[in-house]
Amino acid sequence: MLVLGIESSCDETGVALYDTRDGLLADALHSQIALHEAYGGVVPELASRDHVRRVVPLVRQTLQQADRSLAQLDAVAYTAGPGLAGALLVGASVAESLALALGIPAVGVHHLEGHLLSPLLGDPPPTFPFVALLVSGGHSQFMAVRAVGQYQLLGETVDDAAGEAFDKTAQLLGLSYPGGPALSRLAETGNPDRFALPRPMLQSGDLNLSFSGLKTAVSLLVKAHPPEDYPDIAASFEAAVVDVLCHKAQQALAQTGMTQLVVAGGVGANQRLRAALTARLDERGASVAFPPLRLCTDNGAMIAYAGALHLQRQTRSGSPGGTFAIYPRWNLQEYARALE
Ligand code: KG4
Ligand code: ZN
C-alpha cells in the first residue's frame, strides 16, 4: 500500500511517501523558520499562506524522488489536528481533493500520534509496549503506548511545553526563533553547575511537568547578570530541564513496569537530553530509543506512516475524499478512546 502523507499543522510543510512493503520512499520538507524569525514566533496567517505555496510542489518533488506517479497512490494521509486552523486546512484540502480525484481514501491523522509512532521508522524500531516521552513546542507528556491506537496519558505539563520553555528562555537570552537549537548551542560553552535553578515538580509524586517557573527564574538571572554569563545561564537551564525529564522518565517506567522509553517531538533532538537519558536508563537496565533526528521535528513521514498503519490494520477506514473536518484542539486521549 502506497500512502502519501501531508503535514501542515504549524510552520513546516512536510510531504512523504510511505510504502507498507518497502518503507519510507521519499520525504520532503519546507521549514518556515526564516519566514517567522523576524516576529519571534509563528504568525498563523503567514504560515497558512506559505503552506499554500509549498504543498503542491513538494508533492510533485516527493513523487519524483520516489519515481512514482499519483495514479499509483493507494491513500492520502494528512494532519487533521491539533494545530493552527488555517495551516491545517491547507493540508486537509489538498489531501481530500487528491483523494476525491483519484478515487482513493483520505485519512486525517492526529499530529501527536504521528510523533508517537515516528520512532518506529527508526532502525532498529522499538517494539510495543513502550513509554513515549513527547516533548515538542506545543506538548510535553508521558504516554503509555501499548499498540497502534492504544495510548494512555500518564502525565503532562501543567503550563509551558518543554519546547516552549526552550523558546521563551532563548528569547530572554536574546537568541533568535526557534530558540531550542540556538539555546543548546550556547549551552555547550557554558557551565551547567554555575546556577542552581529549580527542578519544578521533581518531587510531585506524579508524572506531571511544569516549566514556567524555570523560565521566570532565568528571567531574574538575565536581569542580574551580564551577557558574558549567558552561556552559563543557558547550560544551567538546559541541565534543569534534562534533569526533570530524566527523573520523570524513570518514574514513568517504574510506574508502568515497562523497560523501554521512546522520545518523540522536537526537543528529542536535544543532544544533552539524549545523552543523559541514555546513560541514566542504561544504569537501570532500561533502554531509550530516539527517532532519526530529522524525524524528531515535524515531518510528512510520520503522518504517511501513521495513516498507512491504520489503513493496513483497519483501525481507521479513511473517507472517500472531498469532505473533511479539522481539529485545531484535538485531544489524543479522546481520539484513542474513539478508536477502541
Ligand atoms: O515537534 P516540533 O518540531 O514542533 C511541534 O509540534 O511543536 O518541536 C519544535 C520544538 C521547538 O520548541 C524547538 O525549539 C524545539 O522543538 N527544539 C529543541 C531542539 N531542537 C528543536 N529544543 C531543545 N534542543 C534542541 N536541540
Ligand atoms: Zn510536532
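From the residues in region 89-107 that are over 14 Å from Val55 (Cβ atoms) and open to solvent by less than 10 Å² (accessible area, probe 1.4 Å), which one is farthest from ligand 1 (Cβ to nearest atom)? Applying the filter and picking the extreme gives Ala99. Restricting region 255-291 to residues that are more than 10 Å from ligand 1 (Cβ to nearest atom) and in a loop (DSSP other than H, G, I, E, B), the residue that is least open to solvent (accessible area, probe 1.4 Å) is Pro291. Of the numbered criteria (1) in a helix (DSSP H, G or I); (2) out of contact with any strand residue (DSSP E or B) (no Cβ under 9 Å at 6 or more places or on another chain); (3) of a type outside the set (Val, Ile, Thr); (4) open to solvent by 40 Å² or more (accessible area, probe 1.4 Å), the one Pro198 fails is (1). Would you check if Ala182 is surrounded by fewer than 22 Cβ atoms within 10 Å (Cβ to Cβ) and at pLDDT below 95? So Ala182 does not fit the description; no. Can we say Ser69 is in the same structural domain as Gly103 (by TED's automatic domain parsing), open to solvent by 20 Å² or more (accessible area, probe 1.4 Å) and within 19 Å of Thr323 (Cα to Cα)? It is false that Ser69 is in the same structural domain as Gly103 (by TED's automatic domain parsing), open to solvent by 20 Å² or more (accessible area, probe 1.4 Å) and within 19 Å of Thr323 (Cα to Cα). Does at least one position in region 279-289 carry a residue that is among the charged types (D, E, K, R), out of contact with any Lys or Arg (no Cβ under 8 Å at 6 or more places or on another chain) and closer than 30 Å to Arg21 by Cα? Within region 279-289, none of the residues are among the charged types (D, E, K, R), out of contact with any Lys or Arg (no Cβ under 8 Å at 6 or more places or on another chain) and closer than 30 Å to Arg21 by Cα. Scoring Ser136 on the criteria (1) closer than 21 Å to Leu202 by Cβ; (2) within 16 Å of ligand 2 (Cβ to nearest atom); (3) open to solvent by 10 Å² or more (accessible area, probe 1.4 Å) leaves a single failure, condition (1).
Is it fair to say Ala249 is away from ligand 1 (no atom under 14 Å from the Cβ), at pLDDT 95 or above and either surrounded by fewer than 19 Cβ atoms within 10 Å (Cβ to Cβ) or not in a helix (DSSP H, G or I) (or both)? So Ala249 does not fit the description; no.
Where helices (runs of 4 or more DSSP H) sit wholly within region 85-187, those with at least 2 residues that are over 14 Å from the mean Cα position of the chain (by Cα) and of a type in the set (Gly, Ala, Ser) occupy 85-102, 162-172, 179-187. Being touching a residue at least 60 places away in the same chain (Cβ under 8 Å), in contact with a helix residue (DSSP H, G or I) (Cβ under 6 Å, 6 or more places away or on another chain) and more than 13 Å from ligand 1 (Cβ to nearest atom) is a condition met by no residue of region 29-39.
Entry remark, region 1-38: residues being surrounded by fewer than 24 Cβ atoms within 10 Å (Cβ to Cβ), within 15 Å of ligand 2 (Cβ to nearest atom) and of a type in the set (A, V, I, L, M) number 2 in total. Using the structure shown, decide if Val244 is within 30 Å of Leu173 (Cα to Cα), under 18 Å from the mean Cα position of the chain (by Cα) and either within 16 Å of ligand 1 (Cβ to nearest atom) or part of a loop (DSSP other than H, G, I, E, B) (or both). Here the answer is no, as Val244 does not meet what is asked.
The values are calculated or read from the model by the stated rules, or taken from the named source; none is laboratory data. These numbers were taken from a predicted model, which means no experiment stands behind them. Every residue, glycine as well, gets a Cβ built from its backbone with ideal geometry; the counts of neighbours run over all protein chains shown. When the accessible area is computed, the model is the full protein with side chains, heavy atoms only, and any ligands, DNA or RNA have been set aside. Shrake-Rupley method; radii C 1.70, N 1.55, O 1.52, S 1.80 Å.
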